[in-house]
Each structure stands twice: as structure tokens, then as C-alpha cells.
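What follows is a short report on a single structure.
The values are calculated or read from the model by the stated rules, or taken from the named source; none is laboratory data. Predicted, not measured: the structure shown is a model, and the values here were computed from it. Cβ: placed from backbone, ideal geometry, glycine included. Neighbour counts: every protein chain shown.
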Amino acid sequence: MELGRRLAAEEGRATRRVRGPVDVFRRLGPKLRDCRQEEFWAIYLDTQNRICLERRLTVGLLNSSLVHPREVFAPAIARAAASIIVAHNHPSGDPEPSAEDFAVTAQLMEAGCLLGIPVRDHVILGDSSFVSLAERGSLTSSSKPMMTAG
């Protein structure tokens, strides 16, 4: 099973440009599929939506992961990232967002707006599916949605 997970992760890594949430799912899904704790990740993008850094920021409890804007945006500033995408898994396998997911997203979007580094999406990963808050229209107009066509 580990070989299958590694192969799926490598296939996701072949894409260095992020065009939409499906690319995020392909990159992070294999890593997070079997995790028993929530992990919060950030993908830092340049102006062409190419990945300049991908980082796990926190590992939480069974059903929560605490994240603070300083942990999310410090690498973005250091790498001169143009924008970020955040993602985390739900160990239950159900990617439906919780009230806490919406609250964290709003806090990160506000911080990104102040810093000039927009949050393009928050992707919540389940066992075999994902939810994109950008696709659901849950991100404010201060953040441009990700491009979904190539």
C-alpha cells in the first residue's frame, strides 16, 4: 500500500503549476489519505501559479488542527510568494467544511489581504474526494478565484 501511495504522490508532484483544486487533491491527497490526525498544509505560488514551496504547517488532534496566520504567511513572505492555497484533511474521510474551517479561512484571507498575498483557495481533503471553498463561493471578492482551465 505504501508503494501505491508513493506512486500517486509522485504523479501529483509532476504538476508544478496549480490550475485548480483537483491539482491540490492530486498532490496532497495521497499524503493525507490515511492520516489519523488533521494536517494543515500551504502551497505557495508565484505569479504564474507555479509552486515555489509546499509545506506542512501543523499536525492537530483527531478532528482539529490549530493554525495561526504567522505560520502560514512567514514562508510566503520569505519566498516572495504571489499567493497561497491552504489545504487540510479530515481524518473522518468526509471533506464537508466545518464552522471552524470557515472561521480559519476568513482569518487567513483577512491576513492575506493586509499583506498583499491572497489566499486563492482552501481545499479540504477527504478519503477520495475534496471540497474547494473557492468553487463553493465561500471566499470573498478580495481574493481572486483560482484558474480552473488550462
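Cβ-Cβ distances below 6 Å connect the following pairs, each with a first residue in region 80-108 that is buried (at least 20 other Cβ atoms within 10 Å of the Cβ), a second residue that is of a type in the set (Phe, Trp, Tyr), and a separation of six or more residues or different chains: Ala81/Tyr44; Ile84/Tyr44; Ala87/Trp41; His88/Phe40; Pro95/Phe130. Restricted to region 120-134, and to residues there that are farther than 24 Å from Gln48 by Cβ and of a type in the set (A, V, I, L, M, F, W, C), the residue that is surrounded by the fewest Cβ atoms within 10 Å (Cβ to Cβ) is Val131.
Restricting region 103-139 to residues that are part of a helix (DSSP H, G or I) and of a type in the set (S, T, N, Q), the residue that is nearest to Ser92 (Cα to Cα) is Thr105. Among the residues of region 102-133, those that are of a type in the set (Val, Ile, Thr) and within 19 Å of Leu66 (Cβ to Cβ) comprise Val104, Thr105, Val119, Val123, Ile124. Would it be correct to say that Val59 is at pLDDT below 95, touching a helix residue (DSSP H, G or I) at 6+ places or on another chain (Cβ under 7 Å), aliphatic (A, V, I, L, M) and closer than 30 Å to Glu2 by Cα? For Val59, the condition - at pLDDT below 95, touching a helix residue (DSSP H, G or I) at 6+ places or on another chain (Cβ under 7 Å), aliphatic (A, V, I, L, M) and closer than 30 Å to Glu2 by Cα - is not met.
Might you let me know whether region 9-21 holds any residue that is at pLDDT 95 or above, surrounded by 15 or more Cβ atoms within 10 Å (Cβ to Cβ) and assigned to a helix (DSSP H, G or I)? Scanning region 9-21, I find at least one residue that is at pLDDT 95 or above, surrounded by 15 or more Cβ atoms within 10 Å (Cβ to Cβ) and assigned to a helix (DSSP H, G or I), so the answer is yes. Of the residues making up region 45-97, those that are assigned to a strand (DSSP E or B), under 23 Å from Glu135 (Cα atoms) and of a type in the set (S, T, N, Q) are Ser83, Asn89.
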